[in-house]
Every structure is written in C-alpha cells, then in structure tokens.
Amino acid sequence: MQRAKAQADLVVAVMHCGGQNNEAPDAYTRYIASLLRANGADLIVGHHPHVVQSCEKTDGVETVFCLGNLLCWPEEADEYNSQTYSAVLHAYVDEQKKRIDRLTFRIMKTVVADGKVRVWDGYTLCRTTSDEHERRLQVYYANKFVGRKQFTDVQEEYPL
C-alpha cells in the first residue's frame with residue numbers, strides 16, 4: 001500500500017473477503033477494511049459474498065463491502081434471488097485536486113430468459129416491464145447498498 005501511495009494519485013484497494021451470501025460485512029471484513037484505511041486507501045471496494053452489502057464512510061474513506069455478483073450462473077438465478085442483483089460503482093475523479101469528487105452507482109440484475117443469461121441495468125429493466133415487485137426490489141437493493149432508506153423510486157444512477 002505504501003508503494004502504491006508513493007506512485008499513484010489515488011489508491012483503490014480491492015478486498016476479497018467475507019462469507020458467501022452473508023447479507024452484511026462480518027467483523028473480519030471490517031477489520032481488513034480498517035487496515036486498508038489506516039494504510040492510506042482512498043477507496044475500498046470489496047467482493048466475495050456474492051450479494052449486495054452496504055457501504056460506509058469512515059475517516060473520510062468510502063468502503064463498499066460487496067458489489068454483489070454482477071453475473072451469476074443460470075442455476076442460481078431464480079427470479080428474485082439476491083445473487084441476481086449487483087451494484088456497479090462509478091468514481092468521478094477531480095484530476096486537478098487528485099481526489100475522488102463523487103461516487104454513484106447503478107443496480108444491475110442477471111436475468112435468465114430463453115436459456116440465455118443477460119445482465120440488465122435496473123433502470124432500463126424497470127422501464128421495459130410493468131413488474132411492480134421488480135421496481136420495489138431495485139429500490140430495496142439501492143437502499144441496501146447505501147445502508148439506509150434513502151430512495152423511493154428506481155433511478156438511472158444513484159448518488160452514494
């Protein structure tokens with residue numbers, strides 16, 4: 001981490017930890033995140049649990065505990081399985097100030113239809129279907145990702 005900080009304007013640490021299908025980050029994952037923060041990470045992005053977990057900002061560093069699955073295997077992709085949802089993180093960087101200016105995200109969903117697997121942007125998916133349950137799930141996962149009830153409707157891009 002120290003070499004990366006010496007050579008880069010920003011350091012994004014990617015951690016692969018946490019139990020599969022755990023809905024929330026465990027103590028060990030939080031510990032690893034605290035070590036990455038203490039050693040200078042500017043952003044921490046986690047994966048491994050295969051489900052969307054929350055984010056939190058501590059000591060000025062955003063920690064994304066798990067983005068989800070992005071793509072899951074067809075046999076795992078029943079219609080409303082939590083492994084079918086994921087988040088795609090967008091980091092907007094102020095190049096002059098050499099810092100992350102803002103973070104946003106989109107909710108994505110793996111859909112299996114006619115034997116084919118596709119990953120849909122949740123906003124587009126909800127615009128092409130009248131499935132109210134799907135709309136509620138998109139909002140649920142957006143709120144789960146930010147760690148609080150903040151959103152009431154599907155958005156193309158959510159602020160973090």
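The values are calculated or read from the model by the stated rules, or taken from the named source; none is laboratory data. Owing to the predicted nature of the structure, the values given are computational and were not obtained by experimental measurement. Heads up, the Cβs are rebuilt from the backbone with ideal geometry, glycines too, and the neighbour counts pull from every protein chain shown.
Some notes on this structure:
- Cβ-Cβ under 6 Å pairs, at least 6 apart or on other chains, the range 136-160 side buried (at least 21 other Cβ atoms within 10 Å of the Cβ), far side small (G, A, S) and in a helix (DSSP H, G or I): Q138/G122; Y158/A142
- Residue, nearest to the chain's Cα centre (by Cα), within the range 16-56, restricted to residues that are small (G, A, S) and surrounded by fewer than 21 Cβ atoms within 10 Å (Cβ to Cβ): S54
- Qualifying residue in the range 137-146 (condition: touching a helix residue (DSSP H, G or I) at 6+ places or on another chain (Cβ under 7 Å), among the charged types (D, E, K, R) and more than 30 Å from A8 (Cβ to Cβ)): no
- Pick from the range 95-131, criterion assigned to a helix (DSSP H, G or I), out of contact with any strand residue (DSSP E or B) (no Cβ under 8 Å at 6 or more places or on another chain) and without any contact (Cβ under 8 Å) to a residue 24 or more places away in the chain, ranking: surrounded by the fewest Cβ atoms within 10 Å (Cβ to Cβ): R127
- The range 57-80, subset aliphatic (A, V, I, L, M) and at pLDDT 95 or above, residue farthest from the chain's Cα centre (by Cα): V61
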